[in-house]
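Student: First the structure, which I've put down as structure tokens, then a few questions once you've had a look.
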Amino acid sequence: MDEKQFANGKNIQIAVCDDEKKMIADLTELIKETIDGCDVWAYESGEKLLESIQKKTYDMLLLDIDMPEITGLDIAKYVSNMNPKPLVVFVTSHDELVYESLQFHPFGFVRKSYLAKELPKVLNDGVSEIVNNEKRFYFRTASEDISIMINDILFFESDGNYIKVFAKDNEYRFRDTMQSIENSMESYGFIRIHKGFIVNQSAVMSLNSEECKLINGESLPIGRSFGENARKKLMRYMIR
């Protein structure tokens, strides 16, 4: 399967929203040149996109930050609590607005003046992220075989010779080692923050020198020996 074309066997759905028709045309053309087989939906106002979002699911949103009435920031705020949440990429000519947008944890930024240079990489990285989010984690508990979405996992915790995996809606326990989990899950954005904890970077809402707070309100300790590397990785993810 070509991951540039499909995620879990379906065309990737991308919505473009900008109040300039030429920019919409340029974005659409570049998207189709970069990702084979994707579906691109174009909207000339934030209001029209919001109406569509209530009826249709998108994998990725390319948003102009500065639009009249409903801005790209308004749309990012609206989708921030959706499940699944689309990847948000801001396309802007106003660099001064980038800092304000960080509160919504966008997947990326593209400057309109460097569209042809910057957009293809963001698109390809986005497709890889979407494909990974569709993948599943398989394990066996004492009584059954389990399969859960990798994107639904919040963190892993060591429990003697066992591992506890905490997902958004459930908790499981199975026999394995932290080193094995770290090796197999690192490529999916899971970071070892403590000898007893491995966290999904997308589940982290904030962090300091001693702990990180997750989107479910729980806090996990950051171990001294893992701290510097873990904080660097988490910060890179949170500000991208």
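No lab work stands behind these numbers, since they all come straight from the coordinates. Here the structure is a predicted model, which is why all the values come from computation and not from measurement. Cβ: placed from backbone, ideal geometry, glycine included. Neighbour counts: every protein chain shown.
Student: Step through the table entries LYS77/LYS168; LYS56/LYS77; LYS55/LYS112; LYS112/LYS232, compare each Cα-Cα distance with 19 Å, and write down the pairs that go over it.
Tutor: LYS77/LYS168; LYS55/LYS112; LYS112/LYS232
Student: Restricting to Cα pairs below 8 Å that are 6+ residues apart, what does the relative contact order work out to for the chain? Please round to a whole percent.
Tutor: In percent, rounded to a whole number, it is 12.
Student: How large is ³J(HN,Hα) for each residue in region 13-24, as worked out from phi by the Karplus curve 6.51 cos²θ - 1.76 cosθ + 1.60 (θ = phi - 60°), to whole Hz, x for Gly and Pro?
Tutor: 9, 10, 10, 10, 9, 7, 8, 10, 4, 5, 5, 4
Student: In terms of Cα to Cα distance under 12 Å, which aspartates and glutamates are near enough to LYS48, apart from those fewer than 8 places away along the same chain?
Tutor: Reachable aspartates and glutamates: ASP18, ASP19, GLU69.
Student: Taking amide H positions as placed 1.01 Å from N in the peptide plane, with prolines and chain starts having none, which residues 5 or more places from GLY223, or on another chain, fall under 5 Å of its amide H?
Tutor: Excluding prolines and chain starts, which carry no amide H, the hits are HIS194, LYS195.
Student: Place the peptides 209-219, 17-27 in order of packing, highest mean first, counting for every residue the other Cβ atoms within 10 Å and averaging per peptide.
Tutor: Sorting 209-219, 17-27 by mean packing, highest first, produces 17-27, 209-219.
Student: Can I ask one more? What share of the DSSP beta bridges in the chain is antiparallel, in percent to the nearest 5?
Tutor: Approximately 65 percent, going by the DSSP bridge assignments.
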